[in-house]
1. Multiplying the sequence separation of Val42 and Arg226 by 0.36 nm and subtracting their Cα-Cα distance, what value in nm do you get?
2. What ranking of Ser167, Ser90, Ser251 emerges when the number of other C-beta atoms within 10 Å of each C-beta is taken as an exposure proxy, fewest first?
3. Between Ala115 and Glu155, what is 0.36 nm times their sequence separation minus the Cα-Cα distance? Round to one decimal in nm.
4. How far apart, in nm, are two points set 7 Å out from the Cα along the Cα-to-Cβ line at Leu199 and at Tyr254?
5. Take Glu190 and Glu98, extend 7 Å from each Cα along the Cα→Cβ direction, and tell me the distance between the two endpoints in nm.
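The numbers here are math on the coordinates, done by the rules we state, and not lab data. All values reported here derive from a predicted model rather than from experimental measurement. We place every Cβ from the backbone using ideal geometry, glycine too, and count neighbours over all the protein chains shown.
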Amino acid sequence: MADVALVGLPNAGKSTLIAAISAARPKIANYPFTTLVPNLGVVRYGDTEIVVADIPGLIEGASEGRGLGLQFLRHIERARVLVVMIDLGSVERIPPAEQERILLHELAEHQPDLAERPRIVVGSKADLLVQGAELAVEGWEGPVVSAANGEGVRELVGRMAELVRTSRQEQPVPEGFAVLRPGAEGFKVEREGGGFVVLGRQAERAVAVSDLTNVEAMQFVQDRLRRMGVDRALARAGAKEGDMVRIGGLSFEYED
């Protein structure tokens, strides 16, 4: 579970950003789908500590399973805050508005409330715009960030921390969680004629050995019954030396 999820098209600079703001060291390369599993990084801003996840790139149709989209989208579900990164150095020259439309559409299609999640929309690779590179996509008027030269990084981290703090106050994380396990099936001792019967699947399974004439097999059964507390239960029920006891298909004389 991450506080912040970095969301963007493939090769939008998410891995470079998380490497710049945390100790995470994801694989970084100048081609799409470098990241195939989320990378987590711990980021500190003042007295606030947040966990940021670098989510593998989403493509159009991700909510329908394209490009492992469903697997990637599931990693975003529990993030408190989304950082939508618009690739200003898009190799395919996808307009910023179109990138934002694709990403928000896929989020909403996967889980409607993701589109309503607190988010920051920021243009990445701002250093390409400054350099006037041919790859730079024009038409972006929002905030920009460059993990390469640090432009806008501190401001972005501060905004992340602010939104996470607000989210934590509104929806605090549960202090713990419950692990539910099946209770022991147990057994019970009842009187039967002049003797006793031990009822319960655990006890009946304990004596379900193919050859009880074998000394080792009988010792194994006795040990299992002793660990279950059958001998103590019979004693509490009033069993005396020589009383007949039945467990499943096995009958024997009780010995103290």
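1. On the way: separation 184, 0.36 × 184 = 66.24 nm, distance 5.14 nm.
Contour length minus Cα-Cα distance gives 61.1 nm.
2. Values: Ser167 18, Ser90 21, Ser251 11.
Starting with the residue having the fewest Cβ neighbours, the order is Ser251, Ser167, Ser90.
3. On the way: separation 40, 0.36 × 40 = 14.40 nm, distance 2.30 nm.
Extending this stretch completely gives an extra 12.1 nm.
4. With each label point 7 Å from Cα toward Cβ, the separation is 1.7 nm.
5. A separation of 7.6 nm, rounded to one decimal place.
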